[in-house]
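Undergrad: There's a structure below that I have some questions on.
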Amino acid sequence: MAIKEEFLRLLREDEEFRYAVAGILGLDSILRELKELREDFNKFIELENKRWEEANKRFEIIENELKQLRIDFNNTFASFDRRLIALGARWGIFSEQAFRDGMKGVVEKLLGTGKVERWIYRDESGEVYGYPSEVEVDILIKDHEHILIEIKSSISRGDVIEFWRKGKLYEKVTGIKPKLVIISPFVDDKALEDINRFGILLFKET
């Protein structure tokens, strides 16, 4: 009984004894292959761990670079945005409504009594746009003189023709021929030609 227990103990604790017994039983080659397989597997796991560590380091580097790029982009955009706002504040192109509101006050002070109001009319015959639509235009009435005012941050040729048609519609509806005034810092050359042709008064910021 003691021999059996000792034999089992050696199988459990002594690797050389196990291989010796396996050799006797013809299992030594199988055990050797299993051992090599286990060693290869351990090496594979170790290698993959190193690869993952290197990949993680590269990802960290890329992530940091992307964060820096985002910071640089945000700083550049913020600078551009501030310049755009400053440009808009100077020329009135950032907020059309702000430009209009500001210039209305200037017009009222320059022309004295009266206030610039909005004239709104339903143009069923389509004289302004070529189809039934609601027409809006700023108007100042001073000493019985009716002045239609177009206030825009920029004026194109189409804007001039549209404004002139509004003036014709106003005259047709009210029976009063209005004076036409355009206020804008930017007027293209073709628009300027039509402004002169139609006898429109232009106030252009410089």
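Undergrad: Within segment 178-189, does at least one residue satisfy the condition of being in the same structural domain as Glu117 (by TED's automatic domain parsing), within 14 Å of Trp119 (Cβ to Cβ) and in a loop (DSSP other than H, G, I, E, B)?
TA: Yes, segment 178-189 contains a residue that is in the same structural domain as Glu117 (by TED's automatic domain parsing), within 14 Å of Trp119 (Cβ to Cβ) and in a loop (DSSP other than H, G, I, E, B).
Undergrad: Restricting to segment 121-155, name every residue that is over 37 Å from the mean Cα position of the chain (by Cα) and at pLDDT below 85.
TA: Leu140, Ile141, Lys142, Asp143, His144, Glu145
Undergrad: Return the total of residues in segment 129-165 being part of a helix (DSSP H, G or I) and free of Cβ contacts under 8 Å to residues at least 40 places away in the same chain. Before you say what the answer is, go through the steps one by one.
TA: Taking segment 129-165 as the starting set, the residues that turn out to be part of a helix (DSSP H, G or I) are 157-165.
Narrowing the set further to residues that are free of Cβ contacts under 8 Å to residues at least 40 places away in the same chain leaves 157-159, 161-165.
Total satisfying the criteria: 8.
The values are calculated or read from the model by the stated rules, or taken from the named source; none is laboratory data. The structure displayed is predicted, hence computed values, not measured ones. All Cβ positions, glycine included, derive from the backbone under ideal geometry; neighbour counts span all protein chains shown.
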